[in-house]
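Worksheet: one structure, shown below.
The values are calculated or read from the model by the stated rules, or taken from the named source; none is laboratory data. Just so we're clear, the structure is a prediction, and the values are computed from it rather than from any experiment. As a convention, Cβ positions derive from the backbone with ideal geometry for all residues, glycine included, and neighbour counts pool all protein chains shown. In case anyone asks, the SASA skips ligands and DNA or RNA and just uses the protein heavy atoms, side chains included. Shrake-Rupley method; radii C 1.70, N 1.55, O 1.52, S 1.80 Å.
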Amino acid sequence: MSSAPQPSDVQHEAPKRKDYRIPGLRGAQTTTLFRAVNPELFIKPNKAVMAFGLVTITLCVAYIGYLHAQEENKKDLYEAIDSEGNRLMKRKTSKWD
């Protein structure tokens, strides 16, 4: 089982690093100030941190929505005092109802 001889004119050299361009801004010549001001362009994404941030933002928006709903529910209530002096919470009604 002999293998075919390789032609001598084909050279198998490892390509030089300079021959390839790095896509995006990582390969661009930039200043340290630009990299400090725009770190999101140069740092590799971290999926765990992204998931934590997404959950945190979602919970914050849900909490703000909850507070808004509670405030809307309080708008329809007012405190009334009946003839016996007891305080009651009543819903506002329209004269048109």
Legend entry - Radius 14 Å from Cβ of LEU77, net charge of other residues (Lys, Arg +1; Asp, Glu -1): +2
Inset, instruction - Select from region 30-84 those trypsin sites (Lys or Arg not before Pro) which occupy a DSSP coil region and have at most 10 other Cβ atoms within 10 Å, ordered by residue number. - result: none
Inset, instruction - Provide the solvent-accessible area of ILE43, counting protein heavy atoms only and rolling a 1.4 Å probe, rounded to the nearest 10 Å². - result: 110 Å²
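At a 1.4 Å probe radius, which order do TYR78, TYR66 fall into by accessible area, largest first? Don't jump to the answer; show the numbers that get you there.
Values: TYR78 95, TYR66 125 Å².
Putting TYR78, TYR66 in descending order of accessible area: TYR66, TYR78.
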